[in-house]
1. Within region 80-110, work out how many residues are touching a Ser or Thr at 6+ places or on another chain (Cβ under 9 Å) and over 15 Å from Pro129 (Cα atoms).
2. Taking the stated definitions as given, is Leu172 away from the ligand (no atom under 13 Å from the Cβ) and in a helix (DSSP H, G or I)?
3. Out of (1) in contact (Cβ under 8 Å) with a residue 60 or more places away in the chain; (2) assigned to a strand (DSSP E or B), the odd one out for Phe156 is which?
4. Tell me, yes or no, whether region 119-140 has at least one residue that is more than 26 Å from Thr46 (Cβ to Cβ) and open to solvent by less than 20 Å² (accessible area, probe 1.4 Å).
5. With the checklist (1) more than 12 Å from the ligand (Cβ to nearest atom); (2) in a helix (DSSP H, G or I); (3) not aromatic (Phe, Trp, Tyr) in hand, flag the one item Leu127 doesn't pass.
6. Quick check on region 181-211: of everything there that is β-branched (Val, Ile, Thr) and surrounded by fewer than 14 Cβ atoms within 10 Å (Cβ to Cβ), which residue is nearest to the chain's Cα centre (by Cα)?
7. Any idea which of Glu66, Glu42 is near the ligand (Cβ under 8 Å from one of its atoms), within 30 Å of Ile3 (Cβ to Cβ) and of a type in the set (D, E, K, R)?
8. When only residues in region 10-24 that are modelled with pLDDT under 95 and polar (S, T, N, Q) count, which is farthest from the ligand (Cβ to nearest atom)?
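The values are calculated or read from the model by the stated rules, or taken from the named source; none is laboratory data. This one's a predicted model, so the numbers in the text were calculated from it and none came from an experiment. With ideal geometry, Cβ positions are generated from the backbone for all residues, glycine too; neighbour counts draw on all protein chains shown. Ligands, DNA and RNA are excluded from the accessible area calculation, which covers all protein heavy atoms including side chains. Shrake-Rupley method; radii C 1.70, N 1.55, O 1.52, S 1.80 Å.
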Amino acid sequence: MPIGRGKFITFEGIDGAGKSTHIATVVELLRARGLDVVATREPGGTPLGERLRELLLHEPMHPETEALLMFAARREHLARVIEPALSNGVWVVCDRFSDATYAYQGGGRGLDKARFASLEHWVHGHLQPDLTFLFDLPPEVAGERIARQGRALDKFERERADFHERVRRAYLERAASALRRIRVVNAGQGVEEIGKIIGETVMTHCLATEA
Ligand code: TYD
């Protein structure tokens, strides 16, 4: 029997919205059902992508350079990890993807989002996530969560509150234009409630068609 394509699930949200725990839960849930799963992240996910991540998160650069490097890392990630996995029936769970460029470089940095549409078409015109969870939370609350972790902050986490407010707004606008793909999750709820919503959504949106 030919192997079906894997599904592509992404997680998005402002910094500090708490997606990491839930990414791990989804990966476990899928593996428990006997599926092959790759857990990966952007920027990053390949040796070159991880080197670009270091630069992107810590090196000052022009906003357009930042956007172009995000897409360059993404091209590498798609070619070496995401596309081969999906074609081999492996599911891909990815911490951030192109929605983050629309939100951070478009909303946050104020770059023209129409430009990203052409880059997106070039880099992955043929492919979009099957399902995206957008963790939504007021930036003040997210900022407090990050501060409590007491770790060193990256370039984006050090941005002012209005930057994160613009990122949040751009994410919500994008969700409004892709209602079927993007599921907005109120990240102010408890871990268990969020886990339940995510588990049910993955079941109905992705696994129901697997049987
Ligand atoms: P993040 O997943 O938050 O890393 P960590 O879990 O280690 O905090 O992602 C790193 C940062 O990269 C995050 O602040 C958002 C930013 N980013 C963009 O600005 N544009 C993009 O296209 C992507 C993928 C990420």
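1. 1
2. Numbers: away from the ligand (no atom under 13 Å from the Cβ): yes; in a helix (DSSP H, G or I): yes.
So Leu172 fits the description; yes.
3. Condition not satisfied by Phe156: (2).
4. The initial filter retains those residues of region 119-140 that are more than 26 Å from Thr46 (Cβ to Cβ), namely 136-140.
The next check asks that each one be open to solvent by less than 20 Å² (accessible area, probe 1.4 Å); those that pass are 137, 139.
Yes.
5. Just one mismatch for Leu127, condition (2).
6. Taking region 181-211 first, the residues β-branched (Val, Ile, Thr) are 182, 184-185, 191, 194, 197-198, 201-202, 204, 209.
Add one more test, that the residue is surrounded by fewer than 14 Cβ atoms within 10 Å (Cβ to Cβ), and what stays is 191, 204, 209.
Working: Val191: 19, Thr204: 20, Thr209: 23 Å.
This residue is Val191.
7. On the way: Glu66 fails: within 30 Å of Ile3 (Cβ to Cβ).
Step by step, each of Glu66, Glu42 is checked, and only Glu42 is near the ligand (Cβ under 8 Å from one of its atoms), within 30 Å of Ile3 (Cβ to Cβ) and of a type in the set (D, E, K, R).
8. Thr21
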